[in-house]
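Step one of this worksheet: look at the structure below.
Each reported figure results from applying straightforward, stated rules to the coordinates on display, with no laboratory input. As the structure is a computational prediction, the values presented were derived from the model and not from experiment. Note that we place each Cβ from the backbone using ideal geometry, even for glycine, and neighbour counts take in every protein chain shown.
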Amino acid sequence: MKYDLYTPLSTVVNLDNVDILDFGGSFGNLIRSSNGRILPENYTCADVDHDAICVGRKDYPTAAWIHLDLYNPMYNPTGNNTIDLPKKYDVIFSYSVFTHTTFEYFLETINTLKKYLTPTGKIYTTMATSSNDIFINWIINKRVLDYGKCDEFINTDSYFYLVNNKIKHTVPLECNHLVTVYNENFLSKIGNLLDTTFKQTLLEIK
């Protein structure tokens with residue numbers, strides 16, 4: 001596990017004895033990061049990567065593992081856009097998933113996930129934002145590495161796409177190297193921007 005996802009998330013929401021959905025959680029990113037503090041019986045991981053789900057199920061057999069047949073150009077190119085979950089959750093967490101999708105898909109998916117929240121439940125998702133210097137500098141350095149120079153970044157009112165490190169406003173869904181960087185004003189209309197130690201900005205959505 002490269003990043004500690006549990007600690008910064010647990011500073012803004014109580015993760016004890018609550019039903020948690022790790023949406024796009026690969027082979028169990030959040031539960032692995034918790035070092036046993038999240039009980040497997042309270043944890044559900046949903047992902048498009050079938051192989052990752054199989055690894056997670058083997059390591060945490062009493063947790064719930066859901067393979068979502070969602071379209072993903074890298075992991076599930078023959079998938080669809082249907083999300084079907086078995087129950088409602090107190091916390092839905094998604095790390096860096098929507099950094100690699102179109103913003104239209106982000107809005108559509110968030111509206112779908114809201115249907116799977118308990119009455120007091122909340123969604124927490126990390127986003128790449130235009131003022132996040134750590135993430136932006138990483139992108140800039142990668143652009144310099146790949147192209148030998150750095151284009152000037154453009155702060156739009158909402159977002160911009162970087163496809164293969166080139167800014168484009170229309171993005172083919174089959175692109176494997178999509179990065180979507182969001183403007184904070186755009187995100188503040190959707191939820192609360194929280195200051196944590198995540199590499200990306202944490203967004204809270206009720």
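Key figures for this structure:
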| quantity | calculated |
| --- | --- |
| Förster radius 25 Å - calculated FRET efficiency between residue 186 and residue 11, Cβ distance, rounded to 0.05 | 0.50 |
| Residue 137-residue 66 pseudo-label distance in nm [points 7 Å out on the Cα-to-Cβ vector] | 3.8 nm |
